[in-house]
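A.B. asks: Got a structure for you, questions after.
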Amino acid sequence: MKLQVSEIRTREVLGWKGLHLLHYDLSSCSQKVRILMDELGIDYRSHPINLMRDEQRTEWYLGINPRGLVPVLVHDGEVHIESNDIIEYLDRRFAVPGSSLLPATEAEQQQMRELMALEDRLHTDLRTVTFTYLAPDPSDHAPQLTDDQFGYIGRLHQACTLLNETLKDRPYLLGERMTLADISWFIALYRLNLAGYPLQQHPELKAGFERLAARPAFRKQVAAGPLAIRLAGSVYRRVNRLLRRSLPRDYAHWDSARKHSTS
Ligand SMILES: N[C@@H](CCC(=O)N[C@@H](CS)C(=O)NCC(=O)O)C(=O)O
């Protein structure tokens, strides 16, 4: 989504030439864009926005993205937000013949966008997974668990079931070739897998995920970030799983409640 010039209050970016990515190493939406840029060999100038220091909420940043979210792409002074829109924009503008990750037909492109829109709709649930199982959220916008305690598990399970069905007769979501939808879903699955979601319940999806995880661009971008933070994250994750909240355990509760209610 391209912002109107009138929406951009940090006017200096209007003069930026070339491609600039405002992003955070450990943000899944930023990883999505960096994977695409690596896959297509697109060079850009990196502007780290540290979410742990709430830099996405400074006046300067809000003047570029009023939603206060990363990533943002600035291309020759034009500001683009929303990671799924950014990767499609980049592919259309910069893929050289033969390297595009867009499917060939308009109908397939529409299917691809629908799968990407589903990933985007589930981003709040993914956020719940992140801040329940993987990282403490120091901000005031941590997800609150409500009566619909495990609703996020149900919705994620339903999406994984759909993707698993789709992958039964093909290696990638749209067929024989990797497309933007595979990148988009990969970063969500990476998070789920890290949190201990039982991907083995969806064998075709697990195989598809592992195929993508072996690609250098994917491996590199999900491993980005300072070692100290990654190590601290790994310790937090393990201790949390042992002593507080565990996704495998919550999934098992959700699953048994579901089976009970349908028996
Ligand atoms: N739909 C947006 C979601 C972006 C988003 O939620 N970004 C997260 C990081 S993955 C963020 O900036 N969080 C900071 C915050 O919530 O304050 C996109 O795909 O770009």
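The values are calculated or read from the model by the stated rules, or taken from the named source; none is laboratory data. For clarity, every value in this text was computed on a predicted model and none was experimentally measured. Please note: Cβ atoms are built from the backbone with ideal geometry, for glycine as well, and neighbour counts cover all protein chains shown. For the accessible areas, the whole protein counts, side chains as well, though only heavy atoms, and no ligand, DNA or RNA atoms are used. Shrake-Rupley method; radii C 1.70, N 1.55, O 1.52, S 1.80 Å.
A.B. asks: Using a 1.4 Å probe, what is the accessible area per residue for segment 148-263, in Å²?
C.D. replies: For segment 148-263, the per-residue accessible area is 52 Å².
A.B. asks: Given H placed on each backbone N at 1.01 Å, which residues far from Val79 in sequence or on other chains put an amide H within less than 5 Å of it?
C.D. replies: Leu3
A.B. asks: Let me ask something additional. At a 1.4 Å probe, what is the % contribution of carbon and sulfur to the accessible area of segment 106-262?
C.D. replies: 55
A.B. asks: Name the residue farthest towards the positive end of the dipole of the chain from the options Gly208, Leu243, Ser30, assuming +1 on Cβ of Lys and Arg, -1 on Cβ of Asp and Glu, about the Cα centre.
C.D. replies: Checking the options against the dipole of the chain, the answer is Leu243.
A.B. asks: Quick check for me: using +1 on Lys/Arg Cβ and -1 on Asp/Glu Cβ, what's the dipole size of the chain about its Cα centre, in debye to the nearest 20?
C.D. replies: On the way: 34 positive and 33 negative charges, 183 e Å.
Dipole of the chain, to the nearest 20 debye: 880 debye.
A.B. asks: Now, a different point. Can you give the % of DSSP beta bridges in the chain that are antiparallel, to the nearest 5?
C.D. replies: 70
A.B. asks: Moving on to the next point. Taking all protein chains together and a probe of 1.4 Å, list Tyr61, Tyr44 from the most accessible to the least accessible. Don't jump to the answer; show the numbers that get you there.
C.D. replies: Values: Tyr61 0, Tyr44 70 Å².
Correct descending sequence by accessible area is Tyr44, Tyr61.
A.B. asks: Also, I was wondering about something else. Please give the net charge around Pro171, taking every other residue with its beta carbon less than 10 angstrom from that of Pro171, where Lys and Arg add +1 and Asp and Glu add -1.
C.D. replies: Details: positive: Arg170, Arg177, Arg211; negative: Asp169, Glu176, Asp182, Glu204.
Overall, the nearby charge balance is -1.
A.B. asks: Can you tell me the 0 to 90 degree angle between the C-alpha axis of helix 83-94 and the longest principal axis of the chain, rounded to 10?
C.D. replies: The angle comes out near 50 degrees.
A.B. asks: Which value in deg cm²/dmol, rounded to the nearest 500, describes the helix-derived mean residue ellipticity at 222 nm for the chain, given -39,500 (n - 2.57) per DSSP H run of n ≥ 4 and division by the residue count?
C.D. replies: Details: 11 runs with 135 residues, N = 263.
Value at 222 nm, helices only, nearest 500: -16000 deg cm²/dmol.
A.B. asks: Now a separate question. To test your reading of the geometry: what angle, between 0 and 90 degrees and rounded to tens, separates the Cα axis of helix 227-243 from the longest principal axis of the chain?
C.D. replies: Around 20 degrees separate the two axes.
A.B. asks: Compute the distance from the alpha-carbon center of segment 185-263 to that of segment 61-100, in whole Å.
C.D. replies: Cα centroid to Cα centroid, the span is 27 Å.
A.B. asks: Quick one: plug the Kirkwood hydrodynamic radius of the chain (C-alpha pairs) into Stokes-Einstein at 10 °C, 1.306 mPa s, and report D in µm²/s.
C.D. replies: In µm²/s, the coefficient is 81.
A.B. asks: In addition: Rounded, prolate or oblate for segment 5-94? Axes are the square roots of the Cα gyration tensor eigenvalues, ordered a ≥ b ≥ c, and the cut-off for rounded is a/c under 1.5.
C.D. replies: Oblate, since a/c reaches 1.5 and b/c is not below a/b.
A.B. asks: Indicate the gyration tensor shape class of segment 206-263 (rounded, prolate or oblate), computed on the Cα atoms with a ≥ b ≥ c the square roots of the eigenvalues: a/c under 1.5 is rounded; otherwise a/b larger than b/c is prolate and the rest oblate.
C.D. replies: It is oblate, given that a/c is not under 1.5 and a/b is not larger than b/c.
A.B. asks: When a/c is below 1.5 the answer is rounded, else prolate if a/b is larger than b/c, else oblate, so apply that to segment 106-262 with a ≥ b ≥ c taken from the square roots of the Cα gyration tensor eigenvalues.
C.D. replies: Verdict is oblate for segment 106-262.
A.B. asks: Still on this structure, please answer the following. Counting Lys and Arg as +1 and Asp and Glu as -1, each charge on the Cβ, what is the dipole of segment 5-94 about the Cα centre in debye, to the nearest 20?
C.D. replies: Working: 11 positive and 15 negative charges, 36 e Å.
For segment 5-94, the charge dipole is close to 180 debye.
A.B. asks: Would you please give the FRET efficiency between Ser256 and Glu78, computed as 1/(1 + (r/R0)^6) with r the Cβ-Cβ distance and R0 = 35 Å, to the nearest 0.05?
C.D. replies: E between Ser256 and Glu78, to the nearest 0.05, is 0.10.
A.B. asks: For the Cα atoms of the chain, what angle does the longest principal axis make with the long axis of helix 151-166, in degrees from 0 to 90, nearest 10?
C.D. replies: The two axes meet at around 80 degrees.
A.B. asks: Using 0.36 nm per residue of separation minus the Cα-Cα distance, give me the extension gain between Leu62 and Ala213 in nm, one decimal.
C.D. replies: 51.0 nm
A.B. asks: Farthest toward the dipole's positive end in the chain, which of Pro226, Leu174, Ser261, given Cβ charges of +1 (Lys, Arg) and -1 (Asp, Glu) about the Cα centre?
C.D. replies: Selected residue: Pro226.
A.B. asks: Also: State in Å² the accessible area per residue of segment 5-94; use a 1.4 Å probe, count heavy atoms of protein chains only, and round to the nearest integer.
C.D. replies: Ligands and nucleic acids excluded, the result is 45 Å² per residue.
A.B. asks: Give me the extension gain from Thr105 to Ile229: residue separation times 0.36 nm, minus the current Cα-Cα distance, reported in nm with one decimal.
C.D. replies: Value of the extension gain: 40.4 nm.
A.B. asks: OK, next. Which one of Trp16, Leu162, Tyr89 is farthest out on the positive end of the charge dipole of the chain, using unit charges on Cβ (Lys, Arg +1; Asp, Glu -1) and the Cα centre as origin?
C.D. replies: Value: Leu162.
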